[in-house]
Amino acid sequence: MEEVLKTFEDLATTLAVSGITLLGVEGTVTSCPPDAASQTTACGPWDGRVDEVVEFDSPDPLQAVDEAWWRLACRFDLFGADGEFLLLVNLHDDPYDSDSYWARVRLQEEWTVAGSNSSTINGPSRDGLITMSPTGTVIIEGSTYQDYMSVLAVPSPHRASAIRKFTEFMLRDGKLSADETENVARWLALD
């Protein structure tokens, strides 16, 4: 079976529907590796994790998810210069075949990060919702559980045990390029 990857234009079009402008896709990992960011839900309060719960029976659960994400994004300084932040995207058309990268994005005047499925947070590119500050100092994720949805923030993710252990495993495994290894090691050493 031939591997099908999303093009920059396809991804830009998908994100634009959600009111998000695609500025670029990071080709080199400069802080938290995308796969390690998926460990955010394994972090606990001892890692500084902060959750905002949204019940499925809320009047508009997706709007409530967007509002919770915005509050956490402002509280933990998600946005960089000119409102940029990083969004985890899968470049494979098959959601079960992950080829994850950080995309540099910016919100338009009207936006949604929750997605379009009222029973789950499927994110603006339908790959879920994991965002990170350009400096790698906070990860904010949307997650769906059996009875509710949650938007959670992990400040200083380089210190969070689950993310740190997974990142250290990636470094030992040798799957990162030499530049990425150096960048990730520098990120892990942040104060």
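Observations on the structure shown:
- Dividing the Cα radius of gyration of region 30-80 by its Kirkwood radius returns 1.02 for Rg/Rh.
- Protein heavy-atom accessible surface, 1.4 Å probe, per residue over region 1-88: 52 Å².
- The fraction of accessible area contributed by carbon and sulfur in the chain is 49 percent, rounded to a whole number (1.4 Å probe; ligands and nucleic acids excluded).
- Radius ratio Rg over Rh of region 19-116, counting only Cα atoms, Kirkwood formula for Rh: 0.96
- Mean sequence separation of contacting Cα pairs (under 8 Å, at least six apart), scaled by the length of the chain, corresponds to a relative contact order of 31 percent.
- Value of Rg/Rh across the chain [Cα atoms, Kirkwood radius]: 0.95
The values are calculated or read from the model by the stated rules, or taken from the named source; none is laboratory data. Source: prediction; values computed, not measured. Heads up: the accessible areas ignore ligands, DNA and RNA and are worked out on the full protein's heavy atoms, side chains in. Shrake-Rupley method; radii C 1.70, N 1.55, O 1.52, S 1.80 Å.
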